[in-house]
Amino acid sequence: MRVRRWIMLILLIHAGMVAYSAAGHSPSVDEVGHMGAGLGYWKFGRLDLYQVNPPLVRELATIPVFVQNPVVRRVPKYMSPLDRAEFDTGQNFFTDNGNESFKSFVLARWACVPFCVLGGWICFRWSNQHYGTKGGMFCLILWCFSPEILANA
């Protein structure tokens, strides 16, 4: 029972750090494309945007943004995935929505916090099965406080 409380506390701290970071940092270059592709899917049913990554996470992340009904321009059909129309859609999103676009990125990032917590939980469970409780806690701590995980969460 005591271990379960420590796990919950560590995951809660991790979620708080990720949520705080999500609200404090500006979007990276690829996030603009992911936002454009996710909103392109919800607004126009386009799965051809950002074909170099699977669509599930970006589509789940953009649900809270889509619910707010932002301005999203229709992007013409491109003939090749090399055209990368998702970046045009993302740039247009910034232009059309102004300062509200930053709030939209925070919402989309917060929608992904459960994925980070799930990753920590999976690391604990896997390590716990192979190396016992101490190994599981060690792996959980490494996951939750890793600068690389926190930066990309």
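When residues of the range 98-110 are filtered for being open to solvent by less than 40 Å² (accessible area, probe 1.4 Å) and either out of contact with any helix residue (DSSP H, G or I) (no Cβ under 7 Å at 6 or more places or on another chain) or at pLDDT 95 or above (or both), how many remain?
Number of matching residues: 1.
Need the failing condition index for Thr89 against (1) among the β-branched types (Val, Ile, Thr); (2) under 29 Å from Leu12 (Cβ atoms); (3) touching a Gly at 6+ places or on another chain (Cβ under 8 Å), just the number.
Status for Thr89: all satisfied but (2).
Cβ-Cβ below 8 Å, separation at least six or inter-chain, first residue in the range 1-18 and open to solvent by 20 Å² or more (accessible area, probe 1.4 Å), second of a type in the set (S, T, N, Q): which pairs?
Cβ pairs passing all conditions: Val3/Thr133.
Which members of the range 38-53 meet the condition of being surrounded by fewer than 18 Cβ atoms within 10 Å (Cβ to Cβ) and closer than 19 Å to Trp110 by Cα?
Trp42
Give the residue, chosen from Phe115, Phe138, Phe94, Phe105, that is part of a helix (DSSP H, G or I), farther than 19 Å from Gly16 by Cα and under 21 Å from the mean Cα position of the chain (by Cα).
Answer to the check: Phe94.
Of the residues that sit in the range 111-153 and are without any contact (Cβ under 8 Å) to a residue 12 or more places away in the chain and of a type in the set (Ser, Thr, Tyr), which one is least open to solvent (accessible area, probe 1.4 Å)?
Ser146
Quick one: in the range 25-37, which of the residues that are in a helix (DSSP H, G or I) and open to solvent by 60 Å² or more (accessible area, probe 1.4 Å) is nearest to Phe115 (Cα to Cα)?
Asp30
Within the bounds of the range 69-85, is there any residue that is surrounded by 19 or more Cβ atoms within 10 Å (Cβ to Cβ), out of contact with any strand residue (DSSP E or B) (no Cβ under 9 Å at 6 or more places or on another chain) and part of a helix (DSSP H, G or I)?
yes
Could you pull out the residue among Tyr50, Tyr131 that is modelled with pLDDT under 90 and over 22 Å from Gly24 (Cα atoms)?
Every option except Tyr50 fails the conditions.
The values are calculated or read from the model by the stated rules, or taken from the named source; none is laboratory data. Since the structure is predicted, the reported quantities are computational estimates derived from the model, not experimental observations. Heads up, the Cβs are rebuilt from the backbone with ideal geometry, glycines too, and the neighbour counts pull from every protein chain shown. These area figures cover heavy atoms from the full protein model, side chains too; ligands, DNA and RNA do not enter into them. Shrake-Rupley method; radii C 1.70, N 1.55, O 1.52, S 1.80 Å.
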